[in-house]
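Encoded as structure tokens, the structure appears first; notes follow it.
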Amino acid sequence: MATQINTDVLIVGAGPAGLASSALLSMYGIENLVINKYGWLANTPRAHITNQGTMQVLRDLGVEDRAMALASKQKLMANNVFCHSLAGEEFGRVLSWGNHPARRADYELASPTEICDIPQTYLEPLLLEAAASKGGKIRFNTEYLSLDQDQDGVTAHVRDRLSGEEFTIRSKYMIGADGARSLVAEQLGLPMTGEMGLSGSMNILFDADLSKYVAHRPSVLYWILQPGARTGGIGAGVVRMVRPWNEWLVIWGYDISQGEMTLTEDEAVKIVHQLIGDDTIPVKIRSTSTWTVNNMWATEFSKGRVFCMGDAVHRHPPLNGLGSNTSIQDAYNLAWKLALVLKGQADAALLDSYSAERVPVAETIVTRANNSIKDYPPIFDALGMTASDDPARVGALMAARKGSDDAAKAQRRALNDAIRRKNYEFNTHGVELGTRYASAAVVPDGTPEPEYTRDAELYYHPTTWPGARLPHVWLDHGGKRISSIDLGGKGRFVLLTGPGGEGWRNAAAALADRLGIALPVISIGPDGSDAHDIYADWYYQCGIQDDGAILVRPDNYVAWRSDRLAADPQIALAAALMQVLARRDEARSVSAA
Ligand SMILES: Cc1cc2nc3c(=O)[nH]c(=O)nc-3n(C[C@H](O)[C@H](O)[C@H](O)COP(=O)(O)OP(=O)(O)OC[C@H]3O[C@@H](n4cnc5c(N)ncnc54)[C@H](O)[C@@H]3O)c2cc1C
């Protein structure tokens, strides 16, 4: 008889989405198995910008410190530099990723974590270890082929690529985290919108000591504006720091209409030298690869018992650095829901909220990343680089901006405006953290959505409005500084209240008992509360009265809130929690009571 492996959740793909899913499910005590077609993890450091939303997931997993030890820190990410080549003329810089003094406070106030740069080749092994050490099973050289699903589970047909043996894996649920060419999404027939293959890009990974051109203007991205930089690609050439200042990745476009691109080592060295602007620098090519710019997302992330996430359902260029981040946060959204359903604590209908909550995020990030490409032509235009093919003429047009006449003034203005506009690529804190979910797993409190007082893409607007990320404030807990987000996570709901909110405690205890779930109640307030609101930041941020309550989901999003102590706290809390858990019949009976 052919071998069959059984597990609760089969995860196809060991990229950021699949590994984060395994780590989270394992932390929640859910049996899972990851399969990966290849013998190891990412072989090139594609993703690197690791935003605070992702760092909060790593914090919940208990690996934030390890991640920080592997990362290039926020300060090193300070500048996005626009130049003709590293050795050539510089046109301007944008202080990025919260490094502008006017933005630093926004980032510090938003999260206990720090945005940082972790190459994918470092992050994936960390996630793998987090998964495997918590009990996740990982099987390399195992290729997913196809699936059948019925009302009880999913049978995946897979091939062991070492022996050639084909066998099946039976699971209760399956996750397709198999990347931008997802076979799982294709076979499920997930509806997609947008286009693939808009332009071609190549990655050239190399070793070179570039300190003399970069150490005085630390950055992870140096944007190269020179002839050829607008062919294909992502809007301009890039010299990207992988490790300071010896390991690098060049991103350079190619004309996709000419078919698949192949590159010899000599050609790769030539491109690298052209972007550095100095061919005396010794360069050791590690690898070359190609990829395409896509603008596509799925409008449904699941079918039956199979859920897709990551690049499988949102495909976009790397601008804004949102791909791996969003993939990991897809996992954070789905994992607790699967865990509660598998433990019998929530109805399977809860899983419908995964698509409802994450599809809008996919649309936002795919659109944002593609719009960032559109912000490059105005920089080239302002420099005069698009006005002629003659290098001498282009040189004269570029130099013209240094004059004192009105045309020069207008040119400088256009250039500065175009470069400043790139804040929408390098400082979109609102896109990174500001998602507000609307689904059946969020219970509105009848208040209108809080207005955005600043630009919604650039600025994160913390709020406890149901569906928003739980705001971070620093609190004191038994002499230890903790974040409000540390009160939640670990797969549990928590109920936050304050002075006068004791009535919620009995209600929550009775309800937790009845539903068979953990529901700790944590009071935040003066000394003597469970968490001491030492700076009164919670007082001003919580959005409710002292005796109100905020129900926080395991992914640290607000599920529901009550402004005051309810007349019958148990009924109010039960109605909210049962709606979130999709225990509809019980919710109905509570509201009828
Ligand atoms: C140049 C570049 C720079 C980038 N920079 C950033 C950045 O700064 N920040 C950021 O957040 N993102 C960035 N990204 C995007 C990021 O790399 C992706 O969004 C991320 O890798 C997606 O993760 P994933 O887990 O969904 O898919 P992938 O990482 O593609 O993983 C898919 C997994 O599925 C496996 N697989 C595929 N088919 C099968 C099969 N049939 N059977 C079994 N296994 C299979 C693969 O082996 C792999 O393990 C960048 C991308 C590029 C190209």
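The values are calculated or read from the model by the stated rules, or taken from the named source; none is laboratory data. Bear in mind that the values here come from a model prediction, so they are computed numbers and not experimental data. All Cβ positions, glycine included, derive from the backbone under ideal geometry; neighbour counts span all protein chains shown. Protein only, heavy atoms only, side chains kept; ligands, DNA and RNA dropped before computing areas. Shrake-Rupley method; radii C 1.70, N 1.55, O 1.52, S 1.80 Å.
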Practice task
Would you mind stating whether residue 534 is under 19 Å from residue 583 (Cβ atoms), hydrophobic (A, V, I, L, M, F, W, C) and either out of contact with any Ser or Thr (no Cβ under 6 Å at 6 or more places or on another chain) or not in a helix (DSSP H, G or I) (or both)?
Solution key: no
Practice task
Go through the residues of region 95-105 one by one and say whether even a single one is under 19 Å from the mean Cα position of the chain (by Cα) and not hydroxyl-bearing (Ser, Thr, Tyr).
Solution key: yes
Exercise for the section: Take region 513-548 and flag every residue that is buried (at least 16 other Cβ atoms within 10 Å of the Cβ) and modelled with pLDDT under 95. Expected result: 515, 517
Practice task
Determine if region 55-69 includes at least one residue that is among the charged types (D, E, K, R), touching a residue at least 40 places away in the same chain (Cβ under 8 Å), closer than 30 Å to residue 385 by Cα and outside the structural domain of residue 482 (by TED's automatic domain parsing).
Solution key: no
Problem - Residues satisfying the stated conditions in region 17-38, i.e. polar (S, T, N, Q), assigned to a helix (DSSP H, G or I) and away from the ligand (no atom under 13 Å from the Cβ) - result: 26
Exercise for the section: Kindly list the number of the only condition in (1) at pLDDT below 95; (2) surrounded by fewer than 20 Cβ atoms within 10 Å (Cβ to Cβ); (3) at positive phi that fails for residue 231. Expected result: (3)
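Search region 307-330 for residues being in a loop (DSSP other than H, G, I, E, B) and more than 7 Å from the ligand (Cβ to nearest atom), and hand back the single one that is nearest to residue 21 (Cα to Cα).
Only one residue fits best here, namely 313.
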Exercise for the section: Name every residue in region 245-275 that is touching a Gly at 6+ places or on another chain (Cβ under 9 Å) and among the β-branched types (Val, Ile, Thr), in order of residue number. Expected result: 250, 251, 256, 271
Problem - Residue selected from region 405-442 under the condition open to solvent by less than 50 Å² (accessible area, probe 1.4 Å) and among the small types (Gly, Ala, Ser), by the criterion farthest from residue 575 (Cα to Cα) - result: 408
Exercise for the section: Give the residues of region 69-88 that are closer than 18 Å to residue 420 by Cα and either out of contact with any Gly (no Cβ under 8 Å at 6 or more places or on another chain) or among the hydrophobic types (A, V, I, L, M, F, W, C) (or both), sorted by residue number. Expected result: 77, 78, 79, 80, 81, 82, 83
Problem - Criterion violated by residue 74 - all others in (1) under 30 Å from residue 214 (Cβ atoms); (2) within 7 Å of the ligand (Cβ to nearest atom); (3) surrounded by fewer than 24 Cβ atoms within 10 Å (Cβ to Cβ) satisfied - result: (2)
Fill in the blank from the handout: Considering residues that are part of a loop (DSSP other than H, G, I, E, B), within 18 Å of residue 21 (Cα to Cα) and β-branched (Val, Ile, Thr), the number found within region 40-85 is 1
Problem - Candidate set from region 302-325 (those that are of a type in the set (S, T, N, Q) and open to solvent by 10 Å² or more (accessible area, probe 1.4 Å)); member that is farthest from residue 350 (Cα to Cα) - result: 324
Exercise for the section: Evaluate region 271-281: report whether one residue or more is small (Gly, Ala, Ser), more than 25 Å from residue 436 (Cα to Cα), assigned by TED's automatic domain parsing to the domain that holds residue 48 and away from the ligand (no atom under 14 Å from the Cβ). Expected result: no
Exercise for the section: Looking only at region 552-564, decide whether some residue is farther than 14 Å from residue 484 by Cβ, surrounded by 19 or more Cβ atoms within 10 Å (Cβ to Cβ) and acidic (Asp, Glu). Expected result: yes
Practice task
Would you be able to say whether some residue in region 176-187 is away from the ligand (no atom under 11 Å from the Cβ) and either buried (at least 21 other Cβ atoms within 10 Å of the Cβ) or in the same structural domain as residue 312 (by TED's automatic domain parsing) (or both)?
Solution key: no
Practice task
Test residue 152 against the stated conditions and say whether it is open to solvent by 10 Å² or more (accessible area, probe 1.4 Å), farther than 29 Å from residue 46 by Cβ and free of Cβ contacts under 8 Å to residues at least 12 places away in the same chain.
Solution key: no
Exercise for the section: Specify the residue that is nearest to the chain's Cα centre (by Cα); the eligible residues are those in region 491-512 that are open to solvent by 30 Å² or more (accessible area, probe 1.4 Å) and among the aliphatic types (A, V, I, L, M). Expected result: 509
